[in-house]
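All remarks here apply to the structure that follows.
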Amino acid sequence: PDLVNFERVALRYGRGPEVLTDATLDLPQGSFTFLTGPSGAGKSTLLKLCYLSLIPSRGLIRMFGRDSALLTNPERQAIKRRIGVVLQDFHLIEHLSVYENVALPLRVSGQSRSTYNADVVELLQWVGLGHRMQALPPTLSGGEKQRCAIARAVIAKPDLLIADEPTGNVDPVIGRRLLRLFSEMNRMGATVLIATHDTHLIDELDARVLRIEEGRVFKGKSQ
Ligand code: ADP
Ligand code: ADP
């Protein structure tokens with residue numbers, strides 16, 4: 001079964017031109033997919049549609065088998081909680097510690113600190129932030145922010161993991177390390193979608209590749 005289907009999806013911002021004109025794609029359950037394409041092609045836009053932060057101008061988006069246009073608000077929220085997202089600018093909450101940022105998805109889903117504390121500490125140690133748990137995001141380096149954002153995205157074991165240029169501003173060694181974390185999540189069952197224009201990153205893994213060109217989605221890297 002597919003976790004996500006786009007059928008002939010179009011998206012325009014306001015009265016601007018259509019960024020996506022006719023995008024059709026599927027993400028089979030358990031798949032690992034890179035989404036590529038030139039800067040400005042619409043990668044971030046497609047991801048936003050996937051994590052239900054934008055509504056298509058035309059076409060159909062099915063999430064977890066449900067037509068996204070027919071979801072009630074509570075259903076929408078429930079689906080969003082099954083999705084882990086890593087955005088380009090991290091979106092960490094600046095007045096919460098690294099620990100609290102990472103624990104947030106679990107708190108939101110109603111778990112108490114005593115049930116999740118050990119998991120949060122273990123994950124933070126695993127991503128190399130064990131010594132920075134009480135730090136506030138503004139005091140973190142770029143690489144530490146990135147790992148904090150990724151830890152927060154994976155802590156609740158999401159069914160769908162979406163990342164926008166997750167290695168955008170880190171050196172290749174850290175990039176590869178982060179990619180290993182996504183592979184590990186995928187091995188444990190998560191469906192993964194990563195937008196990147198970094199062809200070296202794509203070459204690291206034998207994963208599916210989709211690319212956006214002129215508002216449409218194609219299979220494989222370009223040319
Ligand atoms: P990519 O991630 O491939 O670089 P984006 O999805 O960020 O591409 O952007 C695709 C196009 O949509 C660009 O022309 C960009 O300027 C435009 N765009 C993105 N976000 C907005 C927005 N919030 N309002 C208006 N235009 C936008
Ligand atoms: P920065 O965040 O300043 O770019 P680095 O990413 O180079 O710093 O890593 C800082 C420390 O954290 C190093 O000791 C590194 O080995 C450790 N580390 C980074 N990522 C991981 C990881 N995924 N798993 C285990 N240790 C990590």
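Net length available on complete extension from ILE93 to ARG113 is 5.4 nm, with 0.36 nm assigned per residue and the Cα-Cα distance removed. The coefficient of translational diffusion for the range 1-111, derived via Stokes-Einstein from the alpha carbon Kirkwood radius under 4 °C and 1.567 mPa s, stands at 83 µm²/s. Summing +1 for each Lys or Arg and -1 for each Asp or Glu among the other residues whose beta-carbon sits under 15 angstrom from that of THR167 gives -2. Each part reduced to its alpha carbon centroid, the range 159-223 and the range 7-41 end up 15 Å apart.
Projecting the Cα positions of MET63, ALA41, SER53 onto the charge dipole of the range 20-67 (unit charges on Cβ atoms of Lys, Arg, Asp and Glu, taken about the Cα centre) puts SER53 furthest along the positive direction. Packing, as the average of other Cβ atoms within 10 Å across residues, places the peptides 96-104, 37-45 in the order 96-104, 37-45, highest first.
Over the C-alpha atoms of the chain, the Rg to Rh ratio, Rh being the Kirkwood estimate, stands at 0.96.
Simple point charges give the picture: +1 on the Cβ of Lys and Arg, -1 on the Cβ of Asp and Glu, and for the chain a dipole about the Cα centre of about 380 debye. Taking other residues whose beta carbon is less than 14 angstrom from the beta carbon of ASP89, and scoring Lys, Arg as +1 and Asp, Glu as -1, yields 0.
As an exercise, use a Förster radius of 25 Å and the Cβ-Cβ distance of PHE218 and SER57 to find the FRET efficiency, rounded to the nearest 0.05. Once the sixth-power term is evaluated, E becomes 0.75.
The accessible area of TYR51, taken with all protein chains in place and a 1.4 Å probe, comes to roughly 30 Å².
Full extension of the segment from ASP203 to GLN29, taken as 0.36 nm per residue of separation minus the current Cα-Cα distance, would add 60.4 nm.
The values are calculated or read from the model by the stated rules, or taken from the named source; none is laboratory data. Note that the structure is a prediction, hence the values are computed from the model and not measured. Because the Cβ atoms are built from the backbone with ideal geometry, glycine has one as well, and the counts that use them run over all protein chains shown. Note: areas computed on protein heavy atoms with side chains; ligands, DNA, RNA excluded. Shrake-Rupley method; radii C 1.70, N 1.55, O 1.52, S 1.80 Å.
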